[in-house]
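Notes for the one structure printed next.
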Amino acid sequence: MIEERPLHVLGISGSLRVDSYNTALLRAAAELLPPGMTLEITDLAGIPLFNQDEENPFPEEVARLRARIAAADALLFATPEYNSSISGVLKNALDWASRAPDMPLAGKPAALMGASTGVFGTARAQLHLRQVLAHLGALVLTKPEVMVMRAADAFDEQGRLVNEVTRGFLGQLLVELAQWTRLVSAR
């Protein structure tokens with residue numbers, strides 16, 4: 001049997017908040033990784049506002065994010081839902097990542113998840129994020145969906161995901177992302 005090479009996933013939280021439920025969701029994903037998968041969580045805090053006048057060369061933080069995206073085998077997005085959509089900070093990062101010459105999102109396998117304090121989870125934000133990523137050429141996994149509603153009840157005071165049903169869905173998402181990434185990479 002041929003041993004499969006490890007998969008490196010880049011986790012991107014659409015929230016800058018220190019106690020972000022979405023960043024906590026990425027930390028929970030790091031606990032639930034299937035064998036042969038690693039997760040690096042990146043921070044969008046230093047990414048400047050997109051300005052086409054400043055893309056040649058890219059600002060240092062932007063170049064670093066683009067390099068991390070390019071080096072990853074797959075992407076795992078954790079998006080909050082703000083006003084029925086994704087956060088401005090996440091959209092800004094995607095705008096920077098979409099630019100030529102290399103456009104590192106094109107052909108990149110990706111999975112979505114999100115946590116919100118509301119009762120709808122992040123259904124609308126994930127729909128918008130899926131639309132943006134599809135336009136950029138990312139290959140987004142369609143199922144399973146991980147939408148954490150009433151996030152304050154799903155996480156403990158230390159930010160640990162304690163809802164076992166959600167942990168199960170998250171674990172399943174990671175297994176599917178590994179399979180999806182290997183399938184896409186085999187092409």
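Quick notes
- Here the range 69-84 is the region considered, the condition is being at pLDDT 95 or above and not in a loop (DSSP other than H, G, I, E, B), and the residue that is farthest from Lys108 (Cα to Cα) is Ala78.
- Search result, residues across the range 2-48 that are within 20 Å of Ala93 (Cβ to Cβ) and of a type in the set (Ser, Thr, Tyr): Ser13, Ser15, Ser20, Tyr21, Thr23, Thr42
- Among the residues of the range 94-117, those identified as in contact (Cβ under 8 Å) with a residue 12 or more places away in the chain, part of a loop (DSSP other than H, G, I, E, B), over 18 Å from Asn163 (Cα atoms) and not basic (Lys, Arg) are Ser98, Asp102, Met103, Pro104, Leu105, Ala106, Gly107.
- Consider the range 38-68 and keep the residues that are crowded, with 20+ Cβ neighbours inside 10 Å and outside any loop (DSSP other than H, G, I, E, B). The one that is nearest to the chain's Cα centre (by Cα) is Leu39.
Results for (1) more than 18 Å from Gly118 (Cα to Cα); (2) of a type in the set (A, V, I, L, M); (3) surrounded by fewer than 17 Cβ atoms within 10 Å (Cβ to Cβ); (4) more than 18 Å from the chain's Cα centre (by Cα), shown as yes or no for each residue.
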| position | (1), (2), (3), (4) |
| --- | --- |
| Thr142 | yes, no, yes, no |
| Val148 | no, yes, no, no |
| Val162 | no, yes, yes, yes |
| Thr166 | no, no, no, no |
| Val175 | yes, yes, yes, no |
| Thr181 | yes, no, no, no |
| Ser185 | yes, no, yes, yes |
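- Single unsatisfied condition, Arg17 versus (1) buried (at least 18 other Cβ atoms within 10 Å of the Cβ); (2) not in a helix (DSSP H, G or I): (1)
- Among the residues making up the range 133-187, those that are free of Cβ contacts under 8 Å to residues at least 12 places away in the same chain and within 23 Å of Leu105 (Cβ to Cβ) are Ala134, His135, Thr142, Gln179, Leu183, Ala186, Arg187.
- Filtered residue count, the range 118-174, keeping only those that are among the aromatic types (Phe, Trp, Tyr) and outside any helix (DSSP H, G or I): 2
- Comparison of Ser116, Ser85 shows that the only residue that is surrounded by 22 or more Cβ atoms within 10 Å (Cβ to Cβ) and at negative phi is Ser116.
The values are calculated or read from the model by the stated rules, or taken from the named source; none is laboratory data. Quick caveat, the model's predicted, so the values are computed rather than measured. Using ideal geometry, Cβ is built from the backbone for each residue, glycine included, and neighbour counts are taken over all protein chains shown.
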